[in-house]
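To start, the structure under review is shown below, and the notes come after it.
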Amino acid sequence: MKDISCKLLVIGAGPGGYVCAIRAGQLGIDTVIVEAKKAGGTCLNVGCIPSKALIHAAEEYDRIAHLASGRNALGIRTTKPEIDLSRTVAWKDTIVGRLNNGVVGLLKRAKVKMVQGQARFRDGKTVEVETETGRQVIRAETVVIATGSAPVELPGLPFGGAVISSTEALSLTEVPERLAVIGGGYIGLELGTALAKLGAKVTVVEAQERILPQYDVELTRPVSKKLQALGIDVMTGAKAKGLARAGGTLLVETESGSEVSIAADRILVTVGRRPVTQGWGMEELVLDMDGPFIRIDETCRTSMRGIYAIGDVTGEPMLAHRAMSQGEMVAEIVAGHRRVWDKQAIPAVCFTDPEIVSVGMSPDEAQKTVDTRVGHFPFSANGRAMTMLNEDGFVRVVARADNHLVLGIQAVGQGVAELSAAFSLAIEMGARLEDVAGTVHAHPTRSEAFQEAALKALGLALHS
Ligand code: FAD
């Protein structure tokens, strides 16, 4: 097979890699992208998109089940729903397929050459790819590592059989009767909640003292309340030890040191993700590392000239939009533009029930560096939330006390994921409380709670 020479080689076609390659192609850079599995990476194939499809299906089912229970205030009568999970999964696969083809089409349109297969470094400028038709050697002036991350396995609970990762959980064709979720982070809770809504008896086992430890208690309280309402048992300070010999039982060491058994047909392990830095020749390049991640500077350069790294392989926050933004920046740098990572904040959204959004600093984080004002507006005082029969949650705005610069915005509540754009924009544009308070917000919308929280921080609340 004839060797390929190019200006830019991107390894991995997840959100980081494919965005980098598309922008590079648009800028006229001769670009090749290598992908071992499917274009779109974790996010599109086994992450963000399929999980949100499953969550949506579960929400619809739960909503109809609630209406059918006769306990609803809306006066709607309907019959109990049924779910055929294999059809739900087939629907989810069609969405993944559409987006998959979309990414391939966009790469083609940007004149990016895609090579299918596992890349392996020969040296810092050369990789070889085992393709279906033989070994392909690719030489490049610049290489971008965008190999992403993979689920972490627990030593006593290797994946296989009843023990599954998020990938298998997204393709179950039947709702497990009893599901144990190990790890109360966002992935475990999103999937655990969806499967509980579809009828599984779910137990969450979390080693730390509380679920979603990266968010403060005020933000996670409504989520804990809903988990309880759904009948999900949450064990905190508890460590999964392994399976009982008889099978179908998970052994857990509780906070007090005693051992309990949890009957489970499936055990979903969501204890984190590890960067894909091993097994494909990268370790031989001896790049500087930052713990398990590749160390990068503010332009995503690694310690080796001509090699950049983006996305999950470079550390937290392991989120698709961070990977995409880094990918776009690196493509522009390779094209000769002056760019550096100067983002004020990266939004984090947790698609639990209710959803959580956090952008910038929490009140505690901000208070460590500067005097603050915090405004808090509950959805129980928001007309739109009342009409949607879901008043749980609030919007919170954190600002500097002296000049009112907004430092952080958080929300928990139904549908607040969609407020993340307004929150991020406010922080990126350097908004002050007066800017948010002085912006006319459409009525009746949940977004009014953002304006009201800013008014409250200014001591000018109107509706609370
Ligand atoms: P990846 O998407 O992991 O892509 C890396 C690609 O590189 C893969 O396709 C892989 O096959 C390929 N590759 C690896 N090694 C090689 C090699 N040697 N040769 C060729 N190809 C290689 N993030 C959000 O922002 N929002 C969400 O709602 C969200 N939900 C998630 C839900 C789940 C269940 C999971 C698992 C993740 C979720 N994430 C979410 C995280 C998100 O998926 C990742 O942050 C994102 O995919 C990272 O993008 P990436 O480009 O760095 O890597």
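Quick notes
- Test for K113: is it in contact with an Asp or Glu (Cβ under 9 Å, 6 or more places away or on another chain), basic (K, R), touching a residue at least 60 places away in the same chain (Cβ under 8 Å) and more than 13 Å from the ligand (Cβ to nearest atom): yes
- Test set (1) touching a residue at least 40 places away in the same chain (Cβ under 8 Å); (2) away from the ligand (no atom under 12 Å from the Cβ); (3) within 26 Å of the chain's Cα centre (by Cα) - E141 fails condition number: (3)
- Residue satisfying condition, being open to solvent by less than 50 Å² (accessible area, probe 1.4 Å), under 12 Å from I267 (Cα atoms) and more than 16 Å from the ligand (Cβ to nearest atom), within set V205, V175: V205
- Pick from region 118-158, criterion buried (at least 16 other Cβ atoms within 10 Å of the Cβ) and in contact with an Asp or Glu (Cβ under 6 Å, 6 or more places away or on another chain), ranking: farthest from A320 (Cα to Cα): R120
- Matching residues, region 266-301, being more than 12 Å from the ligand (Cβ to nearest atom), hydrophobic (A, V, I, L, M, F, W, C) and assigned to a helix (DSSP H, G or I): L285
- Where T31 falls short, out of the listed (1) within 24 Å of R273 (Cα to Cα); (2) surrounded by 24 or more Cβ atoms within 10 Å (Cβ to Cβ): (1)
- With respect to (1) within 16 Å of the ligand (Cβ to nearest atom); (2) without any contact (Cβ under 8 Å) to a residue 24 or more places away in the chain; (3) not hydroxyl-bearing (S, T, Y), the lone exception for M386 is condition (1).
- One residue from Q228, Q278 being assigned by TED's automatic domain parsing to the domain that holds Y308 and not aliphatic (A, V, I, L, M): Q278
- Selection within region 421-451: residues that are over 28 Å from the mean Cα position of the chain (by Cα) and assigned to a helix (DSSP H, G or I). The member of this set that is nearest to E391 (Cα to Cα) is A437.
- Where G257 falls short, out of the listed (1) assigned by TED's automatic domain parsing to the domain that holds Q208; (2) outside any loop (DSSP other than H, G, I, E, B): (2)
The values are calculated or read from the model by the stated rules, or taken from the named source; none is laboratory data. Given the structure is predicted, the values throughout are model-derived calculations rather than measurements. Because the Cβ atoms are built from the backbone with ideal geometry, glycine has one as well, and the counts that use them run over all protein chains shown. SASA here: full protein model, heavy atoms, side chains in, ligands and nucleic acids out. Shrake-Rupley method; radii C 1.70, N 1.55, O 1.52, S 1.80 Å.
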